[in-house]
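Data first, discussion second: the structure below is written as structure tokens.
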Ligand SMILES: *Cc1c(COP(=O)(O)O)cnc(C)c1O
């Protein structure tokens, strides 16, 4: 939905630009939508927190009884900090990774978190660290879909998970090391196609039903995340009830195969948060290049946000809705390229994944206008960086009653320099 221009102006005057504006009501609607399709007996939803790990968002999830999928030691600690329970009864936090990096193994052990391992060698690493007990196996089911090739989540070219025919060997290794396979997991996603998600999930359920027959300690199956968000038409509704029906029947199929009731889990990330946040930036200038033998000229709207804030367009050619704040919906438009401040030619919000400019039909802005990049809640702030040392923009939280909270401030030079030292390294 569009924001009140006066509100955006007031926040911009107070915090400066760019800034991120979260709407609590939208996150709550999305949580309710997921609850509606997982509230059946034995179906549990998690939040893949890497999509948007702000404490405030994690607290919303905790309050709604949504569990957490964490992918690093620090994500586990952030979930704990926001109030999510440690331990495995029940396993509120699950750690999913193909690699134990930094503190991950220590934090898993210390907080008693269920490890969901994506590489067979991690069994030996857990054993060497003294771990005994339940583990989950992240499986590469041999098929999958990524929205671009570098995001393949399953199949021969995917780095994720234990190849499905290696599950029996992993089970043997786990049991020899005093561990029980209590969960099977796969995250295969869908790209933007909802029907493809249903198809993939059905195929996955059948594959997991076969594996479940020979896993005596199996308690749960996770079908991963990947519920798409329609960036081009955010008001479009998905037939989520089809997913709900799939979950109930999947749980039955899997429980029958196992010979006992199993818990079914899902762990969407983007679906909860994508439409809940807008990146608000200011147009600083509008300039023109002229057509020559090397290419077509374009009109550039220069803005103060760049891919250090929202990297998805630069990284995958992702499409985000763009509005010039305060312009009527029927204002005349022309092709405009929206570009940021970074010393990098790819710092363009209107482009595709082949690095070609894709001018957007927009009302011609003037310097000083606010410009919004919509549906920036998933993999937005979460993927922001300190490239060019500009510091991350502040995050603002809007409650339905109109009250505002600043949930993170603009980063300063001191923040950027904080980890720098000149300490002698003694070996
Ligand atoms: C990223 C991720 C998800 C969430 O994916 P979305 O497309 O945001 O729903 C779920 N599970 C795992 C293991 C992930 O890595």
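The values are calculated or read from the model by the stated rules, or taken from the named source; none is laboratory data. Note that this is a predicted model, so its numbers are computed, not measured. Neighbour counts run over all protein chains shown; Cβ positions are idealised from the backbone, glycine included.
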Complete set of residues in the range 176-189 that are more than 20 Å from residue 257 (Cβ to Cβ) and either touching a strand residue (DSSP E or B) at 6+ places or on another chain (Cβ under 7 Å) or surrounded by fewer than 16 Cβ atoms within 10 Å (Cβ to Cβ) (or both):
176, 177, 178, 179
Only one of 264, 310, 238, 243 is more than 20 Å from the chain's Cα centre (by Cα), in contact (Cβ under 8 Å) with a residue 12 or more places away in the chain and within 16 Å of the ligand (Cβ to nearest atom); which?
264
Checked the range 373-412 for anything free of Cβ contacts under 8 Å to residues at least 60 places away in the same chain and not in a loop (DSSP other than H, G, I, E, B); matches are 389
Can you work out which of the residues in the range 66-91 that are assigned to a loop (DSSP other than H, G, I, E, B) and in contact with a helix residue (DSSP H, G or I) (Cβ under 8 Å, 6 or more places away or on another chain) is nearest to the ligand (Cβ to nearest atom)?
71
Are there any pairs, at least 6 apart or on different chains, whose C-beta atoms fall under 7 Å, with the first in the range 147-159 and within 14 Å of residue 191 (Cα to Cα) and the second at pLDDT below 70 and in a loop (DSSP other than H, G, I, E, B), and if so, which?
152/146; 153/146
If you check residue 105 against the conditions, is it crowded, with 22+ Cβ neighbours inside 10 Å, in contact with a strand residue (DSSP E or B) (Cβ under 9 Å, 6 or more places away or on another chain) and at pLDDT 95 or above?
no
Among 348, 303, 338, which is more than 22 Å from residue 275 (Cβ to Cβ), buried (at least 20 other Cβ atoms within 10 Å of the Cβ) and modelled with pLDDT of 95 or more?
348
Could you run through the range 204-234 and say how many residues are surrounded by fewer than 20 Cβ atoms within 10 Å (Cβ to Cβ), within 20 Å of residue 183 (Cβ to Cβ) and either at pLDDT below 95 or touching a helix residue (DSSP H, G or I) at 6+ places or on another chain (Cβ under 8 Å) (or both)?
6
Quick check, is residue 282 more than 30 Å from residue 364 (Cβ to Cβ), away from the ligand (no atom under 15 Å from the Cβ) and surrounded by fewer than 24 Cβ atoms within 10 Å (Cβ to Cβ)?
no
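Conditions tested, residue by residue: (1) more than 29 Å from residue 232 (Cβ to Cβ); (2) within 15 Å of the ligand (Cβ to nearest atom).
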residue: 119; (1), (2): yes, yes
residue: 123; (1), (2): yes, no
residue: 145; (1), (2): no, yes
residue: 170; (1), (2): yes, no
residue: 184; (1), (2): yes, yes
residue: 194; (1), (2): no, yes
residue: 204; (1), (2): no, yes
residue: 210; (1), (2): yes, no
Matching residues, the range 39-59, being surrounded by fewer than 23 Cβ atoms within 10 Å (Cβ to Cβ) and more than 13 Å from the ligand (Cβ to nearest atom)
39, 40, 41, 42, 43, 44, 54, 55, 56, 59
If residue 192 passes every condition in (1) touching a helix residue (DSSP H, G or I) at 6+ places or on another chain (Cβ under 9 Å); (2) surrounded by fewer than 24 Cβ atoms within 10 Å (Cβ to Cβ); (3) assigned to a loop (DSSP other than H, G, I, E, B) but one, which one does it miss?
(1)
Scanning for something part of a helix (DSSP H, G or I), away from the ligand (no atom under 15 Å from the Cβ), in contact (Cβ under 8 Å) with a residue 24 or more places away in the chain and in contact with a strand residue (DSSP E or B) (Cβ under 9 Å, 6 or more places away or on another chain), does the range 128-139 turn up at least one residue?
no
On the basis of being part of a helix (DSSP H, G or I), under 19 Å from the mean Cα position of the chain (by Cα) and away from the ligand (no atom under 16 Å from the Cβ), does residue 30 make the cut?
no
